[in-house]
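In what follows, a single structure is set out as structure tokens and then discussed.
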Amino acid sequence: MPGMAESDVHTRITALPELVNADARLLRRGRYLTTTFLVELDDVQYLVRVVEGRIASVERGPFLMRPWSFAVRASADAWRRFWEPVPAPGYHDLFAMKKLGVARVEGDLVPLMANLRYVTDVLAAPRRRGA
Amino acid sequence: MADLEPRAPLEPIVGRYVRLDLAGRPHRVYFEEAGQGIPLVCLHTAGADGRQFRHLMNDEAVTGAYRVIAFDMPWHGKSLPPAGWQDEEYRLTTAGYVDLILTFCRALGLERPVVLGCSIGGKIVLELARLHPERFRALIGLESAAYQAPWYDDTGWLHRPDVHGGEVCGALMSGLIAPQSPEETRWDTLWGYMQGGPGVFKGDLYCYREDGDFRDRVGRIDTSRCPLYLLTGEYDFSCTPDDTRWTADRIPGARLTIMTEIGHFPMSENPGQFRKYLLPVLDEIRLLTR
């Protein structure tokens, strides 16, 4: 995957609905979460709409005035490393990337922290793809 | 008697309670042990309990030469909080933790045990090395450093009514486990965190974060009085290999090992990988120290 093209990185985010909605374990884990959160790859924004654990939609920006609860921002390169089948130390976890200084978490953190396992598993779901 | 014989495999681990006086208050502390030989007292991570050492206690390569003992800290596992706990906020201090370890070892009559601790247990080992080297045969710090930069700045997330404490503690800790660690032991490790009492993990982190900056002290550790081994997993971003390296660089004679394919919970997240690093250390301690 080191040779993964940048467009492939974006494809991984847009594949979230099929990855998550086909996973009964994830749906169960996220069944109390309904929210819209923002994922940023470089300066490209995606709004991920979650309804009771299902990914209802993933929309690509740019957006002008759209609400979201929390945002997870990282470079496309960081996401690419995060989604490697066996990520290197520092790129294996969202908070690891945050501590490394390559990811940021912002906004209303309550829905994130109350559903942390679900959200981190959703964000890591593309890792399984192409592994 | 035949009826009393076990019909299924019994593990060698046995558990008991010991009554300890800590900070002037009576405590009932649970501990487990297995094996015979040199006492090896094991200190669990913050917010967890002694079950993290079950694989070590079931490993004959360890228990053949070591009496492995792990207690649950008060407020953790099967050790209840002291009477009156409902009206106070639990907060572990460095001095209180050192006192707990010394009191426990004295109560069991352990003569110069080896102490192996992980995370806050690894950190407190540095204080044991500095303050009480003559009381220990050797000290082993896992995921241990004089200081670690925090990776979330509000431990309040660990104890508040609108976020489930067990769920968020487990979820936060999941990232500290190496991707290579087996599913079963990964989730075993997280279960321990999910079971912690309200505010207990947060209270432990007081010792780790607010009361645990030892950067001005570790240089005074004299390893000629007590050998010190520091082992850290490459995937641990809470106590990073660089944090431990910084610490080892300031302690002449400290033995540093960076463990591959391991995170913050070596003994419980991937016991098979961890023993490759630990067994040589235990052999060396057995052969070189008296």
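The values are calculated or read from the model by the stated rules, or taken from the named source; none is laboratory data. Given the structure is predicted, the values throughout are model-derived calculations rather than measurements. For neighbour counting, all protein chains shown are included, and Cβ atoms are generated from backbone atoms with ideal geometry for every residue, glycine included.
Tabulated values for the structure
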{"item": "Selection from the range B:227-244 of residues that are away from every other protein chain (no Cβ under 14 Å) and surrounded by fewer than 24 Cβ atoms within 10 Å (Cβ to Cβ)", "result": "B:227"}
{"item": "Some residue of the range A:63-72 being over 25 Å from residue B:236 (Cα atoms) and among the charged types (D, E, K, R)", "result": "yes"}
{"item": "Yes/no for residue B:129 being among the aliphatic types (A, V, I, L, M), part of a helix (DSSP H, G or I) and buried (at least 16 other Cβ atoms within 10 Å of the Cβ)", "result": "yes"}
{"item": "Breaking point among (1) outside any strand (DSSP E or B); (2) at pLDDT 95 or above; (3) hydrophobic (A, V, I, L, M, F, W, C), for residue A:58", "result": "(1)"}
{"item": "Cβ pairs under 6 Å, 6+ apart, first in the range B:268-282 and touching a residue at least 24 places away in the same chain (Cβ under 8 Å), second β-branched (Val, Ile, Thr)", "result": "B:268/B:189; B:269/B:177; B:269/B:185; B:269/B:189; B:270/B:262; B:273/B:262; B:277/B:257"}
{"item": "Selection status of residue B:223, within 14 Å of chain A (Cβ to nearest Cβ) and not aliphatic (A, V, I, L, M)", "result": "no"}
{"item": "Residue match in the range A:72-95 (condition: within 21 Å of residue B:168 (Cα to Cα) and acidic (Asp, Glu))", "result": "yes"}
{"item": "Any chance residue B:178 is part of a loop (DSSP other than H, G, I, E, B) and either more than 10 Å from every other protein chain (Cβ to nearest Cβ) or surrounded by fewer than 20 Cβ atoms within 10 Å (Cβ to Cβ) (or both)", "result": "no"}
{"item": "Residue check, residue A:18 surrounded by fewer than 16 Cβ atoms within 10 Å (Cβ to Cβ), touching a Leu at 6+ places or on another chain (Cβ under 8 Å) and more than 13 Å from every other protein chain (Cβ to nearest Cβ)", "result": "no"}
{"item": "Residue list for the range A:72-131, restricted to those being free of Cβ contacts under 8 Å to residues at least 24 places away in the same chain, farther than 19 Å from residue A:8 by Cβ and more than 10 Å from every other protein chain (Cβ to nearest Cβ)", "result": "A:101"}
{"item": "Spans of helices (runs of 4 or more DSSP H) in the range A:61-131 with at least 3 residues under 24 Å from residue A:22 (Cα atoms) and not aliphatic (A, V, I, L, M)", "result": "A:76-82, A:116-124"}
{"item": "Residues satisfying the stated conditions in the range B:86-100, i.e. touching a residue at least 24 places away in the same chain (Cβ under 8 Å), out of contact with any strand residue (DSSP E or B) (no Cβ under 7 Å at 6 or more places or on another chain) and either closer than 19 Å to residue B:214 by Cα or of a type in the set (Val, Ile, Thr) (or both)", "result": "B:91, B:92, B:93, B:94, B:96, B:97, B:98"}
{"item": "From B:84, B:156, residue being modelled with pLDDT under 95 and either farther than 20 Å from residue B:51 by Cβ or not acidic (Asp, Glu) (or both)", "result": "B:156"}
{"item": "Any hit, the range A:35-56, residues being within 28 Å of residue B:156 (Cβ to Cβ) and within 12 Å of another protein chain (Cβ to nearest Cβ)", "result": "no"}
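Every residue, every condition in (1) part of a helix (DSSP H, G or I); (2) under 15 Å from the mean Cα position of the chain (by Cα); (3) on the phi < 0 side of the Ramachandran plot, yes or no:
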| site | (1), (2), (3) |
| --- | --- |
| B:26 | no, no, yes |
| B:29 | no, no, yes |
| B:36 | no, no, yes |
| B:41 | no, yes, yes |
| B:45 | no, yes, yes |
| B:51 | yes, yes, yes |
| B:67 | no, no, yes |
| B:70 | no, yes, yes |
| B:74 | no, yes, yes |
